[in-house]
Amino acid sequence: MLASIRSLVGGVVLALVVAACSFAPPAPDREVTSVTSLPKIIAHRGGTGDAPENTLEAIRLSIAHHADVMWLSVQLSKDGVPVLYRPADLSALTDAHGPVSAYTVSELARMNAGWSFLRDGAYPYRAQPLGIPTLRDALRAIPLGMPVILDMKALPAEAQTQAVAHVLDEEKAWSRVSIYSTEAEYQQSFAAYPQAGLFESRDATRGRLVRVLLNQGCVDAPSEHALTAFELHRALTVVEKFTLGEGQTEVQATLWTPATVACFRQKPDVHIVAIAVNDADDYRTAACLGIDAVLADSPLKMVAVRTGVTMPLKCPRPDAQGLR
């Protein structure tokens, strides 16, 4: 996928870095630069801010709202069919309970995936049930030209990997799909499929980001053509080990900065996705950083934000902020 995008030990140190990386308004012209392209918008869980997540209705609306890329969560049914659902228990979002893996695909289709969706103090989909769709149904509902990111959500990985690969084979969808997971098992299991577009492991991305932010340098830039994704802002716990225990500091860190982006861009054709970009300020920050795409809950809102950006976008130069 993303072919079309190709586009933690000192708490004080990290806190200082976080503060330094905020984007101040541009001052004189000599301290600004212009951006001529804007990040693509990825519909998170199909567009969870606009409709019940991972449903065909969310997908339909995100397409209508002109999202550029679709991000979908995948688990495996009892009878081995890849379906779209994120939480560990069905009670989180539906009118049922238990894991997805305890139900057949036909049983999942009869559940209401919109049961818990709240809008304006009401639950509009309780009277308009939305079943849990299969991955195959989703792929067929998405235009062939729209890239898709599949977020693998259940373990063990091997059975789900094989089932997803089978669907991608039959739908001839490998070229428009890439695979993401917070679980490294999926990078390992999908490695058996050379045609798979794989995001690097979250552990690798996190470790590199933190090392740069703690001034340890860019010693392990990702390889060329790498796909990477991490939150723009993220709550982190910094742990300092003592002889007789440890100390912890909670920080709200900004992970994508001029320095971290520069590290990730050491090799050609590295693609960066900033996760959880849901307002105009963060979208402009991502654009000024040269981020390829942002993962947003509401394509309806964020496409409007993008449309409202005056081009070329004026951005503060990294060296104007003391960041080189």
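The values are calculated or read from the model by the stated rules, or taken from the named source; none is laboratory data. No experiment lies behind these values; they were computed from the predicted model shown. So basically every Cβ, Gly included, is an ideal-geometry build from the backbone, and we count neighbours across all protein chains shown.
Quick one: which residue in THR205, THR249, THR237 is closer than 21 Å to THR285 by Cβ and of a type in the set (Ser, Thr, Tyr)? It would help to see each step written out before you state the result.
Details: THR249 fails: closer than 21 Å to THR285 by Cβ; THR237 fails: closer than 21 Å to THR285 by Cβ.
Just one listed residue meets the conditions, THR205.
Considering only segment 128-155, how many residues are among the small types (Gly, Ala, Ser) and closer than 19 Å to ALA51 by Cα?
The total comes to 3.
Cβ contacts < 8 Å: first residue within 17 Å of ARG45 (Cα to Cα), restricted to segment 173-192; second residue among the acidic types (Asp, Glu) and outside any helix (DSSP H, G or I), any location; separation 6+ or different chain. Result?
Partner pairs satisfying both residue conditions: TYR180/ASP151; SER181/ASP151.
Being of a type in the set (Ser, Thr, Tyr) and either assigned to a strand (DSSP E or B) or under 19 Å from the mean Cα position of the chain (by Cα) (or both) is the filter; apply it to segment 192-220 and report the residue that is nearest to LYS153 (Cα to Cα).
Ranking the qualifying residues of segment 192-220, first place goes to SER201.
Tell me whether segment 124-132 contains one or more residues that are of a type outside the set (Val, Ile, Thr), assigned to a helix (DSSP H, G or I) and within 27 Å of VAL294 (Cα to Cα).
Checking segment 124-132: not a single residue is of a type outside the set (Val, Ile, Thr), assigned to a helix (DSSP H, G or I) and within 27 Å of VAL294 (Cα to Cα).
Please enumerate the residues belonging to segment 36-89 that are surrounded by fewer than 19 Cβ atoms within 10 Å (Cβ to Cβ) and either assigned to a helix (DSSP H, G or I) or hydroxyl-bearing (Ser, Thr, Tyr) (or both).
Within segment 36-89, THR36, SER37, ARG60, ILE63, ALA64 qualify.
Please name all residue pairs, on different chains or six or more residues apart, with Cβ atoms under 7 Å, provided the first residue is in segment 218-238 and is charged (D, E, K, R) and the second residue is crowded, with 19+ Cβ neighbours inside 10 Å.
Final answer for the pair search is ASP220/ARG208; GLU224/VAL270; GLU231/LEU255; GLU231/ILE275; ARG234/ALA253; ARG234/LEU255.
Which residue, of SER223, SER178, SER189, is under 14 Å from VAL273 (Cβ atoms) and either within 16 Å of the chain's Cα centre (by Cα) or not in a strand (DSSP E or B) (or both)? Outline the logic, then answer.
Working: SER223 fails: under 14 Å from VAL273 (Cβ atoms); SER189 fails: under 14 Å from VAL273 (Cβ atoms).
Exactly one of SER223, SER178, SER189 is under 14 Å from VAL273 (Cβ atoms) and either within 16 Å of the chain's Cα centre (by Cα) or not in a strand (DSSP E or B) (or both), namely SER178.
What do you reckon, is VAL305 modelled with pLDDT of 95 or more, among the β-branched types (Val, Ile, Thr) and surrounded by 21 or more Cβ atoms within 10 Å (Cβ to Cβ)? It would help to see each step written out before you state the result.
On the way: modelled with pLDDT of 95 or more: yes; among the β-branched types (Val, Ile, Thr): yes; surrounded by 21 or more Cβ atoms within 10 Å (Cβ to Cβ): yes.
When the stated conditions are applied, VAL305 passes them.
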